[in-house]
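Chemist: The following block contains the structure, expressed as structure tokens.
The values are calculated or read from the model by the stated rules, or taken from the named source; none is laboratory data. Here the structure is a predicted model, which is why all the values come from computation and not from measurement. Cβ atoms come from the backbone with ideal geometry, glycine included; neighbour counts cover every protein chain shown. Please note that ligands, DNA and RNA were not included when accessible areas were found on the heavy atoms of the full protein model with its side chains. Shrake-Rupley method; radii C 1.70, N 1.55, O 1.52, S 1.80 Å.
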Amino acid sequence: MKDKSDLGTILIVDDQLENLQLLSQIFVEQGYKIRASKTGREAIASIKSKLPDLVLLDIKLPDISGFEVCSTIKTDDQTSEVPVIFISALNEPKDKIRGFSVGGVDYITKPFMAEEVAARARNQIELSRLRIESKLQAKELQIKNKELRMSEAKYKRVSDNSPAVLYQFKMTPKGETFFPYVSNVVEKILNIPAEDIMNDQLNFFSLVHPDDQKMFQEAIIRSAESFESFPITFRCLKDGEVIWLEALGIPTRLNDGGILWDGFLLDITDRKKAELELFAAKEKAEESEKQIKELLITSKTQNKHITSLLEASKTVLEFDDFETTARKLFNSCKKITGASSGYVALLSKTGEENEVLFLDAGGLPCNVDESLPMPIRGLRAEAYHLKKAVYHNDFMNSEHIAFMPQGHVTLKNVLFAPLIIDKKTVGLLGLANKPTDFSQNDLEVISAFGELASISLYNSRNKEELIKAKENAVESDRLKSAFLANMSHEIRTPMNGILGFADLLKEPTLTGGEQQKYIGIIEKSGQRMLNIINDIIDISKIESGTMEVKLKESNINYQIEYIHTFFKPEVEAKGMQIFFKNSLPAKEAIITTDHEKIYAVLINLVKNAIKYSNKGNIELGYTKKGDFIEFYVKDTGIGIPKNRQSAIFERFIQADIEDTQALEGAGLGLSISKAYVEMLGGKIWVDSEAGKGSTFYFTIPYNSESNEKEIAGEKIKVSVEEIPMKKMKILIVEDDEIADLHLSILLRNIGKEVLHTNNGQEAIEIIRKKADIDLILMDIRIPVLNGYEATKQIRKFNKNVVIIAQTAYALEGDREKSLEAGCNDYITKPIDKEKLQALINKYFGK
């Protein structure tokens, strides 16, 4: 047994270096010993070589998932007792359920707080040590009595009215097995006569779900060897449908050396389905961060509260009858708080008063008839209308005493927690006469019990509708689950980097180098999250069918040259070179297509080429082949294995899972590119060899109808490095102080005078008084009068001022709506310095 002064050793398993650094710093400062692994298999080997006191385990790892790691160590007797806390950006209920099902003891979602992680880890290490002590003591105890031994006649009498299947299962000294007796209830549960099972045991075992048969057999073997009863929960197939059964078998040694198990089978399918609803409801309860933090404080009192909540959750699962569940929850509340009196009441059909379900006077005299309705008034009314728990510790001297009926038990103090369904208060849980004062902790714990009671009441009233609704929701969301899980992970991971390293920047002892390193990580994480959000918007438009193809004449030579110029500094910064090749003369390079989508595809491909290349060069260009233009982007990067080249155009699939860069991003870029190319009537593919580089190709129809119209692509020839020669008078219309400050800093070198307002009405008045303003940066979502309406009003008396819309919406149609309102141009937030400079150059540069 470990010395209590030894805080313990923690193994941190995460493939993200910043996460390892952040978590290691948290626990080293607490005094723990730290070990780290970046892959699942490395973690398993580390655990087996020397058992840690706790494992902090990420789920998404480069070789095997965290779920597999946990399952592996939990099935190994050598490592099964090591507690595992999952720490992941995956936040779906099914992920948490799976984490607990494979043996995890806790589940923390990213981004996290250092204090919370430290507290949960400390709790689990202490609980693990207590479990080890308990097992050592348990070995000294012997079970002296065997229960549930009944004769075949008793089975028969009980089975006729029992909801469970009663059975006897026998194993002869030679190891042969059969069912001497099975009650007739089995036919209702499994649609198979009891006689068929007694004649041939395979008629039953063949119905056990294939994935559970081994577990079922091992339970029987363990019971035969240890001569202990076996409880087991397993699945069966009934007419092709999966049902859940709970079984108990109690062994008895026969005179001939054989073994006879007496037991029962119970259909718990409804209960299993209700468990899913309970997990969903518990997720909703976890929205209260303060309640979660308080419940996780490492004190014996809080541990008792957590244990009581877990026991109460089990009660909600075990009993469908609300009154039974309510009494058990009420008794738990009394035990936790020390209150001696109280009641549970439900709202009457008229909605004007309570109808008491049961009342406990705590042994004190009370002459009030509990069957009479209880009006909603006083402190009870506050709980009802505020929809939150309330308490008063000097009730007899409060104004609420006026509503107490004559003969009521004396109340030293009271606490009321509402029962809420669909945001409506439907009842109350009341407690009174605690020896000491009620506390905020009592309030929060009893609020949680109130939510559990609400769940039980909701299930009892709407059980069938709830199950059906859940099934429909699961089916309708099935195809979205992978997308949402991945988005959650990819957004939370950079957010974890931003919040984690922003917190570390507060350390007063940081060196300048460390500060710049942390700032760099924050900037990289922010850009990564912005890219993910842009990809989500694009893929959402594609999936919803709202992405439009806008054809106009475009100069593909200009497009290639612009992309070459734009990415050249970034490529050369890596010590590489970038080239381009235009194979058509200027007149023939003008085609009719959606030039924005061509830009998007080329930019995606060039970004990937830069990301996955560390040396050599990148080349982009096109050739004309028949009726198609064939574009290409060639690199000398890591390449893609042959067996993965078709998969990379699917969502969330990336080229090289061994490369740490490939693990970043939503995996949507190539999927979006493929959708765009196919919208334009072309196709996309790759020619690559691992370790030698890749060439991506895509085609679009060659539609050449040159005329004197404006050619898309020429607009972008403005260099972002040009500086307007004129000092301008500028009006910033922005209601967000930080955004206003950011724009002011960006414009300080070109603004002769910069004016500010935070609403559209004031913007109109300023322009009326100052007709010499050159430029308006107009936010769209502003108070009093929005940006669209303000622009329309300004255009009625000022046609010349340049108005650039700036907004965080960035959705389909926003640009067109801005131009229709009278804006000259449009830029999306977050504002990019170079893009803003290019826009200003477009209208004011010489």
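Chemist: Based on this model, can you work out whether Asp58 counts as under 25 Å from Asn19 (Cα atoms), open to solvent by less than 60 Å² (accessible area, probe 1.4 Å) and modelled with pLDDT of 90 or more?
Modeler: Values: under 25 Å from Asn19 (Cα atoms): yes; open to solvent by less than 60 Å² (accessible area, probe 1.4 Å): yes; modelled with pLDDT of 90 or more: yes.
For Asp58, the condition - under 25 Å from Asn19 (Cα atoms), open to solvent by less than 60 Å² (accessible area, probe 1.4 Å) and modelled with pLDDT of 90 or more - is met.
Chemist: In this structure, does Asp63 turn out to be of a type in the set (D, E, K, R), modelled with pLDDT of 90 or more and open to solvent by less than 50 Å² (accessible area, probe 1.4 Å)? Reasoning before the result, please.
Modeler: Details: of a type in the set (D, E, K, R): yes; modelled with pLDDT of 90 or more: yes; open to solvent by less than 50 Å² (accessible area, probe 1.4 Å): no.
For Asp63, the condition - of a type in the set (D, E, K, R), modelled with pLDDT of 90 or more and open to solvent by less than 50 Å² (accessible area, probe 1.4 Å) - is not met.
Chemist: Here's another thing I want to ask about it. Of all residues in segment 445-455 being over 16 Å from Gly342 (Cβ atoms) and open to solvent by 20 Å² or more (accessible area, probe 1.4 Å), which is modelled with the lowest pLDDT?
Modeler: Going through the qualifying residues, I end up with Ile455.
Chemist: Follow-up. Could you identify the single residue in Asp735, Asp740 that is of a type in the set (Asp, Glu) and not in a helix (DSSP H, G or I)? Give the derivation first.
Modeler: Details: Asp740 fails: not in a helix (DSSP H, G or I).
Being of a type in the set (Asp, Glu) and not in a helix (DSSP H, G or I) holds for just one of Asp735, Asp740, which is Asp735.
Chemist: Considering only residues that are touching a Lys or Arg at 6+ places or on another chain (Cβ under 8 Å) and either part of a loop (DSSP other than H, G, I, E, B) or within 18 Å of Gly637 (Cβ to Cβ) (or both), which ones fall in segment 589-608?
Modeler: Asp594
Chemist: I've got another one for you. Can you tell me which of (1) open to solvent by 60 Å² or more (accessible area, probe 1.4 Å); (2) among the acidic types (Asp, Glu); (3) in contact (Cβ under 8 Å) with a residue 60 or more places away in the chain is the one Asp774 doesn't meet?
Modeler: (1)
Chemist: Report, ordered by the first and then the second residue, all pairs with beta carbons closer than 8 Å, sequence separation of six or more or different chains, a first member in segment 814-843 that is over 16 Å from Val733 (Cβ atoms), and a second member that is of a type in the set (Lys, Arg).
Modeler: Going by the 8 Å Cβ cut-off, the qualifying pairs are Lys842/Lys715.
Chemist: Mind listing whichever residues of segment 214-273 are within 20 Å of Val182 (Cα to Cα), of a type in the set (D, E, K, R) and over 43 Å from the mean Cα position of the chain (by Cα)?
Modeler: Arg253, Asp262
Chemist: A further question on this structure: Consider Lys683 against the criteria (1) out of contact with any Gly (no Cβ under 6 Å at 6 or more places or on another chain); (2) over 20 Å from Asn557 (Cα atoms); (3) modelled with pLDDT under 90: it satisfies all of them except one. Which criterion is unmet?
Modeler: Failing condition for Lys683: (3).
Chemist: May I ask you to verify whether Ile221 is modelled with pLDDT of 90 or more and farther than 20 Å from Glu187 by Cβ? Explain how you work it out, then say what you get.
Modeler: Details: modelled with pLDDT of 90 or more: yes; farther than 20 Å from Glu187 by Cβ: yes.
Criteria met by Ile221.
Chemist: Just need a number here: residues in segment 537-570 that are modelled with pLDDT of 70 or more and in a helix (DSSP H, G or I). Can you show your working first?
Modeler: First, pick out the residues of segment 537-570 that are modelled with pLDDT of 70 or more: 547-570.
Checking the rest, the ones that are also in a helix (DSSP H, G or I) come to 556-570.
Qualifying residue count for the region: 15.
Chemist: Is it the case that some residue within segment 248-261 is in contact with a Pro (Cβ under 7 Å, 6 or more places away or on another chain) and closer than 21 Å to Lys188 by Cβ?
Modeler: yes
Chemist: Considering only segment 383-419, state which residues are surrounded by fewer than 18 Cβ atoms within 10 Å (Cβ to Cβ) and part of a helix (DSSP H, G or I).
Modeler: His385, Leu386, Met396, Asn397, Glu399, Ile401, Ala402, Phe403
Chemist: If I filter segment 325-342 for residues that are farther than 19 Å from Leu457 by Cα, among the hydrophobic types (A, V, I, L, M, F, W, C) and either modelled with pLDDT under 85 or assigned to a loop (DSSP other than H, G, I, E, B) (or both), do I get at least one hit?
Modeler: Let us first name the residues in segment 325-342 that are farther than 19 Å from Leu457 by Cα, namely 334-341.
Next cut, among the hydrophobic types (A, V, I, L, M, F, W, C) only: 336, 339.
Narrowing the set further to residues that are either modelled with pLDDT under 85 or assigned to a loop (DSSP other than H, G, I, E, B) (or both) leaves 336, 339.
Yes, because at least one residue in segment 325-342 is farther than 19 Å from Leu457 by Cα, among the hydrophobic types (A, V, I, L, M, F, W, C) and either modelled with pLDDT under 85 or assigned to a loop (DSSP other than H, G, I, E, B) (or both).
Chemist: Considering (1) at pLDDT 60 or above; (2) open to solvent by 60 Å² or more (accessible area, probe 1.4 Å); (3) more than 25 Å from Lys829 (Cβ to Cβ), say which one Leu510 fails and leave the rest.
Modeler: Leu510 satisfies all of (1) at pLDDT 60 or above; (2) open to solvent by 60 Å² or more (accessible area, probe 1.4 Å); (3) more than 25 Å from Lys829 (Cβ to Cβ) except (2).
Chemist: Among Glu225, Glu195, which is part of a helix (DSSP H, G or I), farther than 19 Å from Ser162 by Cβ, open to solvent by 60 Å² or more (accessible area, probe 1.4 Å) and among the acidic types (Asp, Glu)?
Modeler: Working: Glu195 fails: farther than 19 Å from Ser162 by Cβ.
On inspection, the qualifying residue turns out to be Glu225.
Chemist: May I pose another question? How about segment 99-113: which of its residues are over 27 Å from Leu499 (Cα atoms) and crowded, with 19+ Cβ neighbours inside 10 Å?
Modeler: Listed by number, the list holds a single entry, Val102.
Chemist: Are any of the residues in segment 266-289 modelled with pLDDT of 85 or more, open to solvent by 20 Å² or more (accessible area, probe 1.4 Å), outside any helix (DSSP H, G or I) and within 30 Å of Val186 (Cα to Cα)?
Modeler: Yes, because at least one residue in segment 266-289 is modelled with pLDDT of 85 or more, open to solvent by 20 Å² or more (accessible area, probe 1.4 Å), outside any helix (DSSP H, G or I) and within 30 Å of Val186 (Cα to Cα).
Chemist: Restricting to segment 550-564, give me the number of residues that are out of contact with any strand residue (DSSP E or B) (no Cβ under 9 Å at 6 or more places or on another chain) and either loosely packed, with under 13 Cβ neighbours inside 10 Å or among the β-branched types (Val, Ile, Thr) (or both).
Modeler: Counting residues in segment 550-564 that are out of contact with any strand residue (DSSP E or B) (no Cβ under 9 Å at 6 or more places or on another chain) and either loosely packed, with under 13 Cβ neighbours inside 10 Å or among the β-branched types (Val, Ile, Thr) (or both) gives 1.
Chemist: For Leu746, only one of the following conditions fails: (1) open to solvent by 20 Å² or more (accessible area, probe 1.4 Å); (2) under 28 Å from Glu548 (Cα atoms). What is its number?
Modeler: Just one mismatch for Leu746, condition (2).
Chemist: Taking the stated definitions as given, is Val754 β-branched (Val, Ile, Thr), open to solvent by 30 Å² or more (accessible area, probe 1.4 Å) and closer than 17 Å to Phe844 by Cα?
Modeler: On the way: β-branched (Val, Ile, Thr): yes; open to solvent by 30 Å² or more (accessible area, probe 1.4 Å): yes; closer than 17 Å to Phe844 by Cα: yes.
Criteria met by Val754.
Chemist: Can you name the residue in segment 155-181 that is at pLDDT below 90, outside any helix (DSSP H, G or I) and among the hydrophobic types (A, V, I, L, M, F, W, C) and, of all such residues, is nearest to Pro251 (Cα to Cα)?
Modeler: Leu166
Chemist: Picking from Phe844, Phe797, which residue would you name as being more than 39 Å from the chain's Cα centre (by Cα), open to solvent by 20 Å² or more (accessible area, probe 1.4 Å), modelled with pLDDT of 90 or more and aromatic (Phe, Trp, Tyr)? Steps first, answer last, please.
Modeler: Working: Phe844 fails: modelled with pLDDT of 90 or more.
Being more than 39 Å from the chain's Cα centre (by Cα), open to solvent by 20 Å² or more (accessible area, probe 1.4 Å), modelled with pLDDT of 90 or more and aromatic (Phe, Trp, Tyr) holds for just one of Phe844, Phe797, which is Phe797.
Chemist: Against the condition within 13 Å of Gly693 (Cβ to Cβ), in contact (Cβ under 8 Å) with a residue 24 or more places away in the chain, in a loop (DSSP other than H, G, I, E, B) and not small (Gly, Ala, Ser), how does Ile618 come out, does it pass?
Modeler: It is false that Ile618 is within 13 Å of Gly693 (Cβ to Cβ), in contact (Cβ under 8 Å) with a residue 24 or more places away in the chain, in a loop (DSSP other than H, G, I, E, B) and not small (Gly, Ala, Ser).
Chemist: Of all residues in segment 577-613 being over 41 Å from the mean Cα position of the chain (by Cα) and open to solvent by less than 40 Å² (accessible area, probe 1.4 Å), which is farthest from Asn555 (Cα to Cα)?
Modeler: This residue is Leu584.
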